[in-house]
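All remarks here apply to the structure that follows.
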């Protein structure tokens with residue numbers, strides 16, 4: 001029932017930023033727009049597991065700590081705009097956070113933001129922010145709905161608040177008009193923003209130029225972009241403006257003007273970006289220098305295969321009668337395959353085949369097999385079609401065997417699957433497709449509870465492919481299978497090896513804990529067990545396993561003698577505490593500007609604007625989350641903290657300002673949450689942790705699996721709970737009401753808990769994966785304790801889900817239990 005929001009990539013100044021933005025955002029491939037730009041050369045053949053993340057049927061790759069997980073068979077749902085809730089900061093945007101201690105290692109020192117005196121610029125920006133404070137709800141509504149009433153409301157605000165208030169309103173109107181593809185209206189609004197105020201003139205100029213170009217009036221952009229960096233020093237658009245200006249010249253059939261802008265910059269950092277290169281190629285093409293143009297287009301097509309410009313470059317090459325060769329097209333298709341864009345890759349493979357171009361026999365055969373692999377990923381191919389594929393002698397033969405093995409797995413034909421694996425081991429022991437097949441086979445047998453076969457596949461993968469991205473996971477699963485079979489000596493050896501070989505991996509907390517348990521339970525070496533528990537608690541302090549380790553340390557207190565730490569513990573990473581402050585630099589121009597952008601609903605630029613400050617590493621994450629939280633957008637605040645790059649779960653609570661933790665673990669709807677929880681005999685902190693994992697407190701979310709609201713209830717579940725509560729005329733829309741969702745959701749959770757004897761771990765696993773799988777896992781058990789059950793959950797997604805909620809419950813308790 002969980003869902004995941006990956007944010008939006010915003011391309012500014014040639015850099016790609018992850019932003020938490022409104023549901024609607026500008027999506028044009030010009031420099032000031034929000035869009036995707038991926039540009040780095042890839043390998044020329046489909047990637048191995050050593051160079052790409054894995055995506056297997058089951059168990060799925062566990063999500064990173066702090067991200068939500070979708071339940072088995074429950075599709076991830078898209079998020080809707082803005083969860084409601086009480087604002088943390090006032091209209092001024094000031095944080096109420098406490099000061100912090102910043103540490104690196106064990107050296108502690110107070111961290112304070114260096115105060116800055118107001119300048120003419122910051123005074124102007126602050127004045128603009130205050131002048132537009134009341135605009136924010138109207139502008140945000142306009143960006144989300146773009147209804148006639150929303151437009152009228154913002155237009156009225158502009159008329160009633162001359163000056164900077166009007167400028168922000170006109171920016172909001174221009175932004176909305178761009179989203180509606182009404183470019184002439186957008187140009188007019190941005191022009192009015194420029195006339196009305198000065199605080200966001202760089203946005204009015206750049207976005208106004210973009211609107212003019214999109215509307216076919218590129219000449220109107222010349223004045224807006226001329227000497228842009230001189231007129232707007234420190235703007236986030238300084239690096240993008242030249243490319244946008246070149247595009248304006250090109251639209252007006254002035255290639256020489258575009259070359260005049262771009263050629264002087266060919267040795268600059270901006271020239272390495274794909275948008276710059278594409279504009280330069282277009283300028284050469286339009287000026288008649290097709291040789292230069294073709295050379296640049298070819299490099300874009302080969303070196304930036306996942307970019308929008310790559311397909312545009314191919315179109316231009318064909319127009320110049322210099323299309324990519326079949327070999328170049330195959331390389332391009334291989335990159336799409338590597339990026340798991342199987343539909344596009346398959347289409348390109350099949351297109352090359354249809355064109356009958358001059359590939360060698362070997363390359364043609366390989367192309368057919370890779371086309372089949374793309375079709376299999378899309379479930380569009382049969383066994384007969386795979387069996388008809390050419391028999392080759394190179395690595396593509398291994399791919400054919402892999403496809404047949406996957407078909408055998410899908411058909412539950414284990415003997416055929418194993419025979420194909422054995423053939424691959426014999427004939428293609430170094431093939432990346434053997435690597436894929438071994439991991440897939442190990443996962444298959446893990447789900448079938450065949451520990452011996454699962455261990456064989458995982459161990460062989462690690463032996464043959466020790467640098468594989470699958471190796472840490474496979475190695476850990478082999479260790480755990482040995483533990484479950486009571487092969488404790490081998491399990492201990494593998495766990496120590498895990499710690500030493502794969503330091504920093506997500507499996508390390510489990511390896512530390514369970515090696516400690518072997519020391520404690522089997523070897524009776526309580527001192528060494530304590531060493532492992534302390535190392536775990538020190539380096540992964542907020543992890544699920546760190547909490548268990550501290551429990552074991554309490555048990556061992558009376559019988560623990562001090563011993564020298566085992567050699568493996570020297571490989572445990574000591575976390576570095578970042579220098580974070582709980583104070584915001586109130587006279588920092590980029591911060592004030594970011595707040596002003598929120599007033600105008602230019603949400604996709606908030607993060608990049610903050611990051612433009614030289615000191616933002618100390619306060620930027622807090623600032624962005626506070627901007628969202630100040631408007632009650634709890635979900636966005638959580639997401640911005642998750643995407644901040646701060647390793648919260650390795651950091652002690654008292655070494656990060658409390659305000660960060662409270663933004664990451666908020667308490668919206670707390671009165672209703674606690675009342676409903678206590679009515680049903682549930683721990684409110686457990687319920688809050690579940691909601692944070694399921695919906696990130698987005699009361700309005702409906703997932704692709706049709707799960708609704710805070711606790712992600714299916715309408716059928718909500719209806720049954722409503723009947724028990726005496727709620728008549730139930731409608732699914734009631735689940736979007738936070739109080740109703742909490743009332744029915746906590747009743748449902750109580751019932752799940754009761755079905756599993758009140759054991760939270762079982763209940764949470766069932767909430768995510770369903771009752772039937774959990775009953776099956778319990779039946780094959782003989783678990784020493786509940787932690788052993790949790791680690792044995794074969795769905796990585798569900799295992800991580802359970803561990804995350806229990807971990808988060810402890811953080812909630814630490815933050816709020818005593819107030």
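The relative contact order of the chain, computed from alpha carbon pairs under 8 Å that lie at least 6 residues apart in sequence, is 20 percent. Only Cα pairs under 8 Å and 6+ residues apart enter the sum, and on that basis the relative contact order of the stretch 525-653 stands at 27 percent. For the modelled label position 7 Å from the Cα of residue 219 along Cα-to-Cβ, which residues of the stretch 244-281 have backbone nitrogen atoms closer than 15 Å? Answer for the stretch 244-281: 248-255, 257. Here are labelled values, (i) 36, 32, 30; (ii) 45, 38, 26; (iii) 45, 32, 24, and one is the computed semi-axes √(5λ) of the Cα gyration tensor in Å for what I pasted. Which one? The value computed from this structure is option (ii).
The distance between label points at residue 614 and residue 755 comes to 6.0 nm (points 7 Å beyond Cα on the Cα→Cβ vector). Relative contact order of the stretch 604-752, taken over Cα pairs closer than 8 Å and 6 or more residues apart, is 17 percent.
Taking the Cα centre of each part, how many Å lie between the stretch 668-697 and the stretch 228-248? Spelled out, the Cα-based centre of one part sits 48 Å from the other.
With a Förster radius of 41 Å, plug the Cβ-Cβ distance of residue 449 and residue 315 into 1/(1 + (r/R0)^6) and report the FRET value to the nearest 0.05. The pair residue 449/residue 315 has a calculated efficiency of 0.20.
Estimated from the Cβ-Cβ distance and a Förster radius of 25 angstrom, the FRET efficiency linking residue 146 and residue 731 is about 0.40. With the cut-off at 1.5 for a/c, could you classify the stretch 486-535 from its C-alpha gyration tensor as rounded, prolate or oblate? It is oblate, given that a/c is not under 1.5 and a/b is not larger than b/c.
Per residue, the chain reaches -17500 deg cm²/dmol at 222 nm when only DSSP H runs of four or more residues are counted, each adding -39500 (n - 2.57).
Between residue 779 and residue 653, the modelled labels are 4.1 nm apart [label points 7 Å from Cα along Cα→Cβ]. Distance between the C-alpha centres of the stretch 595-623 and the stretch 735-770: 38 Å, rounded to the whole angstrom.
Sorting 218-225, 157-164 by average packing, meaning the other beta carbons within 10 Å per residue, from highest down gives 218-225, 157-164. Sorting the segments 204-214, 379-389 by their mean number of nearby beta carbons within 10 angstrom, highest to lowest, gives 204-214, 379-389. Packing-based ranking of 797-810, 255-268, 722-735, 486-499 yields 797-810, 486-499, 255-268, 722-735, ordered from highest to lowest mean Cβ neighbour count within 10 Å. Note that the stretch 680-819 shows a convex hull volume over its alpha carbon atoms of 119 Å³ per residue.
Read the figures in this text as sums done on the coordinates, not as results from a lab. All values derive from a computational prediction rather than experimental measurement. Glycine also receives a Cβ, built like all others from the backbone with ideal geometry; neighbour counts cover every protein chain displayed.
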